[in-house]
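Below is one structure; the comments refer to it alone.
The values are calculated or read from the model by the stated rules, or taken from the named source; none is laboratory data. Remember, it's a predicted structure, so these values are computed and weren't measured experimentally. Ideal geometry is used to build each Cβ from the backbone, glycine not excepted, and the neighbour counts take in all protein chains shown.
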């Protein structure tokens, strides 16, 4: 089940919220747990058993660590065992096919018989809920949060359906108090509904309209210069509106249930360095990688060379987390190398005045990375990279006939609108963030959404529903991770 589906909008969500608000507050974790299991099992019931097993395992490990005491030798053994089993499960389901294929390719070169392995199906959302489980037991080990004795609350945290499939990557220590006490109000529900509708519009109206430009552009056998740049501009916008749209819907659903999740995006495409980009893009994942991978590797505590190595390894593994493909490793290495170079040259744009040249250069680096991120294989990425290079050949300075015949005016207008929103809204937010009288991004209490703003959003939301109904299905890009 996905948020952008009629079954979710008109059946699951209203039924869930009805039961949720009719249930006494002390029992609402049960409603969250059962509803989330139904939401997940809608895809495949059998993988719900794996999901439950991961939950029970990490609850058990948390209790064992608690019994030993934070940062003791016994606790260290339990956290090692817990993390090892979690990563083993993730490695099997996510990387077994890739590993066997890679080994078989090498064996074929040596004239050896290939290994045989039944194709392993990737459970939806496993990357996200495994990371959340790992952060829990590590935080218990560090003493940052006590191990919970309430299995239902813990299971509801792991299964919380708004963020179950594609994040944000929540940490138990950040929302544990909200399970025991959170507010429910009309203001908060209104804010959540508005945020959900905004994310729905970003996904269905913008991202889905751009999808054909991207899908057709990446499979062109011999793309022209214009083909390649239109495809890349479309994908850069599509990925942002698709993923940030999901995050908006997840945050909005959380608010409807009284939870306030962390923000996952902060106008990343107006960054002036890759370091700043990763403070603004997929914030929950980048902060997770920092706290549970980069810092344990040594962070910047052991000299410049070790710092550069840690930055590179963190992003390399972050790339691998996104998928079992050499393309993701290359993408992670690309970002890791740039982060290391920025660290070496002291590039820090957090408080720097805005520079159009810095912004354009950073955006170019991000977009070049998206090519290999989206490509199905290295060869496909190479084909698009080659086409992106400027040339004076007349045939490359126009759209190829096979691509031009599939471009619609609606797609082009949507692309122009998407980039206008990215640039204008991003620059406005950047100016506001620099104002000493403006609150930090993503911080603040629940407020009643202005009526005028909601009145403008509602008809666009209805249009998005009609579009969704006509197209019948709309998957999120990050579901594959």
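Could you list all residues from segment 93-109 that are surrounded by fewer than 13 Cβ atoms within 10 Å (Cβ to Cβ) and either closer than 23 Å to residue 321 by Cβ or touching a helix residue (DSSP H, G or I) at 6+ places or on another chain (Cβ under 9 Å) (or both)? Step through it out loud before you land on a result.
Our first condition is that a residue be surrounded by fewer than 13 Cβ atoms within 10 Å (Cβ to Cβ); within segment 93-109, this holds for 105-106, 108-109.
Across segment 93-109, the qualifying residue is only 105.
For (1) within 27 Å of residue 285 (Cα to Cα); (2) part of a helix (DSSP H, G or I), each residue gets a yes or a no:
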site	(1), (2)
70	yes, no
76	yes, yes
88	yes, yes
119	no, no
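Counting only residues that are assigned to a loop (DSSP other than H, G, I, E, B) and either crowded, with 22+ Cβ neighbours inside 10 Å or in contact with a strand residue (DSSP E or B) (Cβ under 7 Å, 6 or more places away or on another chain) (or both), how many does segment 125-146 have?
Applying the first criterion (assigned to a loop (DSSP other than H, G, I, E, B)) to segment 125-146 yields 125, 143-146.
Retained after the next criterion (residues that are either crowded, with 22+ Cβ neighbours inside 10 Å or in contact with a strand residue (DSSP E or B) (Cβ under 7 Å, 6 or more places away or on another chain) (or both)): 125.
Result for segment 125-146: 1.
Being in contact with a helix residue (DSSP H, G or I) (Cβ under 7 Å, 6 or more places away or on another chain) and on the phi > 0 side of the Ramachandran plot is the filter here; which residues of segment 121-145 pass it?
Listed by number, the list holds a single entry, 125.
Specify which of the listed residues (463, 457, 477, 397) is modelled with pLDDT under 85, out of contact with any strand residue (DSSP E or B) (no Cβ under 8 Å at 6 or more places or on another chain), surrounded by 12 or more Cβ atoms within 10 Å (Cβ to Cβ) and within 27 Å of residue 165 (Cβ to Cβ).
Values: 463 fails: modelled with pLDDT under 85; 457 fails: modelled with pLDDT under 85; 397 fails: within 27 Å of residue 165 (Cβ to Cβ).
Sole residue among the options that is modelled with pLDDT under 85, out of contact with any strand residue (DSSP E or B) (no Cβ under 8 Å at 6 or more places or on another chain), surrounded by 12 or more Cβ atoms within 10 Å (Cβ to Cβ) and within 27 Å of residue 165 (Cβ to Cβ): 477.
Could you pull out the residue among 368, 341 that is modelled with pLDDT of 95 or more and over 23 Å from the mean Cα position of the chain (by Cα)? Reasoning before the result, please.
On the way: 368 fails: over 23 Å from the mean Cα position of the chain (by Cα).
The unique qualifying residue is 341.
When you check residue 220 against the structure, is it within 30 Å of residue 400 (Cα to Cα), assigned to a loop (DSSP other than H, G, I, E, B) and touching a residue at least 60 places away in the same chain (Cβ under 8 Å), yes or no? Lay out the reasoning, then the answer.
Numbers: within 30 Å of residue 400 (Cα to Cα): yes; assigned to a loop (DSSP other than H, G, I, E, B): yes; touching a residue at least 60 places away in the same chain (Cβ under 8 Å): yes.
When the stated conditions are applied, residue 220 passes them.
Are any of the residues in segment 214-228 modelled with pLDDT of 95 or more, within 16 Å of residue 364 (Cα to Cα) and surrounded by fewer than 23 Cβ atoms within 10 Å (Cβ to Cβ)?
Looking for residues that are modelled with pLDDT of 95 or more, within 16 Å of residue 364 (Cα to Cα) and surrounded by fewer than 23 Cβ atoms within 10 Å (Cβ to Cβ), one finds none in segment 214-228, hence no.
Given the condition outside any helix (DSSP H, G or I), assigned by TED's automatic domain parsing to the domain that holds residue 255, within 24 Å of the chain's Cα centre (by Cα) and at pLDDT below 60, answer yes or no: does some residue in segment 417-440 qualify? First the steps, then the outcome.
Taking segment 417-440 and keeping what is outside any helix (DSSP H, G or I), we get 434-440.
Checking which are assigned by TED's automatic domain parsing to the domain that holds residue 255 leaves us with 434-440.
Narrowing further to those that are within 24 Å of the chain's Cα centre (by Cα): 440.
Add one more test, that the residue is at pLDDT below 60, and what stays is 440.
For segment 417-440, residues outside any helix (DSSP H, G or I), assigned by TED's automatic domain parsing to the domain that holds residue 255, within 24 Å of the chain's Cα centre (by Cα) and at pLDDT below 60: present.
Filter segment 173-199 for residues that are assigned to a loop (DSSP other than H, G, I, E, B) and at pLDDT 90 or above and give the result.
At the first step, the residues of segment 173-199 found to be assigned to a loop (DSSP other than H, G, I, E, B) are 181-185.
Hits for segment 173-199 are 182, 183, 184, 185.
Only one residue in 126, 34, 65 is over 24 Å from the mean Cα position of the chain (by Cα) and under 22 Å from residue 161 (Cα atoms), so which one is that?
On the way: 126 fails: over 24 Å from the mean Cα position of the chain (by Cα); 65 fails: under 22 Å from residue 161 (Cα atoms).
Unique residue meeting the criteria: 34.
Go over the candidates 122, 186, 151, 112 one by one and state the one that is surrounded by fewer than 21 Cβ atoms within 10 Å (Cβ to Cβ) and farther than 28 Å from residue 13 by Cβ. Break it down stepwise before answering.
Numbers: 122 fails: farther than 28 Å from residue 13 by Cβ; 186 fails: farther than 28 Å from residue 13 by Cβ; 151 fails: farther than 28 Å from residue 13 by Cβ.
Every option except 112 fails the conditions.
Taking residue 226 and the conditions (1) touching a helix residue (DSSP H, G or I) at 6+ places or on another chain (Cβ under 8 Å); (2) in the same structural domain as residue 408 (by TED's automatic domain parsing); (3) under 23 Å from residue 476 (Cα atoms), which numbered condition does it fall short on, given that it satisfies the others?
Among (1) touching a helix residue (DSSP H, G or I) at 6+ places or on another chain (Cβ under 8 Å); (2) in the same structural domain as residue 408 (by TED's automatic domain parsing); (3) under 23 Å from residue 476 (Cα atoms), the lone unmet condition for residue 226 is (3).
Given the structure, is residue 170 surrounded by fewer than 21 Cβ atoms within 10 Å (Cβ to Cβ), touching a residue at least 12 places away in the same chain (Cβ under 8 Å) and part of a loop (DSSP other than H, G, I, E, B)? First the steps, then the outcome.
Working: surrounded by fewer than 21 Cβ atoms within 10 Å (Cβ to Cβ): no; touching a residue at least 12 places away in the same chain (Cβ under 8 Å): yes; part of a loop (DSSP other than H, G, I, E, B): yes.
In short, no.
State whether the residues of segment 156-165 include one that is without any contact (Cβ under 8 Å) to a residue 60 or more places away in the chain and not in a helix (DSSP H, G or I).
Here is the first cut: in segment 156-165, the residues without any contact (Cβ under 8 Å) to a residue 60 or more places away in the chain are 157.
Keeping just the survivors that are not in a helix (DSSP H, G or I) gives none.
No.
Taking into account only those residues within segment 349-364 that are surrounded by fewer than 17 Cβ atoms within 10 Å (Cβ to Cβ) and in contact with a helix residue (DSSP H, G or I) (Cβ under 7 Å, 6 or more places away or on another chain), which is nearest to residue 233 (Cα to Cα)?
Just the residues of segment 349-364 that are surrounded by fewer than 17 Cβ atoms within 10 Å (Cβ to Cβ), to begin with: 350-357, 360-361, 364.
Filter once more, keeping what is in contact with a helix residue (DSSP H, G or I) (Cβ under 7 Å, 6 or more places away or on another chain): 350, 354.
On the way: 350: 26, 354: 22 Å.
This residue is 354.
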